[in-house]
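I have placed the structure first, in the form of structure tokens, so that the comments after it can refer back to it.
The values are calculated or read from the model by the stated rules, or taken from the named source; none is laboratory data. Keep in mind the model is a prediction, meaning the values are calculated, not measured. Every residue, glycine among them, receives a Cβ derived from its backbone with ideal geometry; neighbour counts consider all protein chains shown.
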Amino acid sequence: MIDARPDPLEKADWPLRTERLVIRRMTPADIEPTWAFRRLPEVAEWVTTAFADLEAYRKIFEDPDVIGPGLVIEHEGVVVGDLMLRISDPWSQTEVREQGNGTQAELGWTIDPAHQGNGYATEAVRAVLDVCFGSLGLRRIVAECFADNEASWRLMERLGMRRESHTVKDSLHRTRGWLDGLSYAILAEEWARR
Ligand SMILES: CC(C)(COP(=O)(O)OP(=O)(O)OC[C@H]1O[C@@H](n2cnc3c(N)ncnc32)[C@H](O)[C@@H]1OP(=O)(O)O)[C@@H](O)C(=O)NCCC(=O)NCCS
């Protein structure tokens, strides 16, 4: 279930700075720079929606529920990618629900193909995981992809995430048909031990 509380990312100190990158909250001004790479077929291939044009993309990304969990990755002042950090409630029994709510998050990522192969996603997500398990106080982070999206699951493995499931032909791709799915996760204690 998606967390309905106002701006759960506020507790962190944005922007984050790494050796090469700045990771900041997404704003409406990022719609055009992110569209510049999200419109490319090699990106659209793996993401949930292949938007027909900038206006269709803008309509979705202007929604606070979409832009709110959005982060932008900058290298030398240029937007080279974006991330999604969506805090959610894990499954729990009723009596302990309050205790579990808002303690996990799902991550998503896109790097402009012109900037892939430089380790930017790895560097940015490492910084975000530090914040997730630090100031945001989360206990579990998950990520999912089509099994055919090797760049995405290789990233999860580079980050030290653990493969939790390989589901068979459960995920419908717009041109490839029913594909296998992979899900990965990492717990706060695993991140601390890495
Ligand atoms: C998934 C995605 C973000 C991965 O991007 P990426 O550039 O491969 O990942 P990184 O930025 O971490 O770069 C890692 C690559 O750079 C290389 N690299 C170079 N310098 C590096 C460094 N300092 N640190 C780590 N890796 C480095 C790595 O060897 C690796 O290349 P390899 O896979 O050929 O071994 C990208 O493929 C993408 O945007 N895909 C389209 C959208 C998508 O699929 N989103 C996810 C949907 S589930």
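Scan the range 134-143 and tell me whether some residue there is in a strand (DSSP E or B), aliphatic (A, V, I, L, M) and surrounded by 20 or more Cβ atoms within 10 Å (Cβ to Cβ).
Looking through the range 134-143, at least one residue is in a strand (DSSP E or B), aliphatic (A, V, I, L, M) and surrounded by 20 or more Cβ atoms within 10 Å (Cβ to Cβ).
Name the single residue that is farthest from the ligand (Cβ to nearest atom) among those in the range 35-53 being among the aromatic types (F, W, Y) and assigned to a helix (DSSP H, G or I).
Selected residue: W35.
So, in the range 161-194, exactly how many residues are within 16 Å of A124 (Cα to Cα) and within 13 Å of the ligand (Cβ to nearest atom)?
1
Yes/no per residue for (1) in a loop (DSSP other than H, G, I, E, B); (2) surrounded by fewer than 18 Cβ atoms within 10 Å (Cβ to Cβ); (3) out of contact with any Ser or Thr (no Cβ under 6 Å at 6 or more places or on another chain); (4) modelled with pLDDT under 95:
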position: E19; (1), (2), (3), (4): yes, yes, yes, no
position: P33; (1), (2), (3), (4): no, yes, yes, no
position: E55; (1), (2), (3), (4): no, yes, yes, no
position: D65; (1), (2), (3), (4): no, yes, yes, yes
position: I73; (1), (2), (3), (4): no, no, yes, no
position: I87; (1), (2), (3), (4): no, no, yes, no
position: W91; (1), (2), (3), (4): yes, yes, yes, no
position: E98; (1), (2), (3), (4): no, yes, yes, no
position: T110; (1), (2), (3), (4): no, no, yes, no
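Sort through E106, E123 and tell me the only one that's more than 19 Å from T27 (Cβ to Cβ), within 16 Å of the chain's Cα centre (by Cα) and within 9 Å of the ligand (Cβ to nearest atom).
Sole residue among the options that is more than 19 Å from T27 (Cβ to Cβ), within 16 Å of the chain's Cα centre (by Cα) and within 9 Å of the ligand (Cβ to nearest atom): E123.
Return yes when E123 is exposed (fewer than 15 other Cβ atoms within 10 Å of the Cβ), at pLDDT 95 or above and either of a type in the set (A, V, I, L, M, F, W, C) or in a helix (DSSP H, G or I) (or both) and no when it is not.
Considered against the rule, which asks whether it is exposed (fewer than 15 other Cβ atoms within 10 Å of the Cβ), at pLDDT 95 or above and either of a type in the set (A, V, I, L, M, F, W, C) or in a helix (DSSP H, G or I) (or both), E123 comes out as no.
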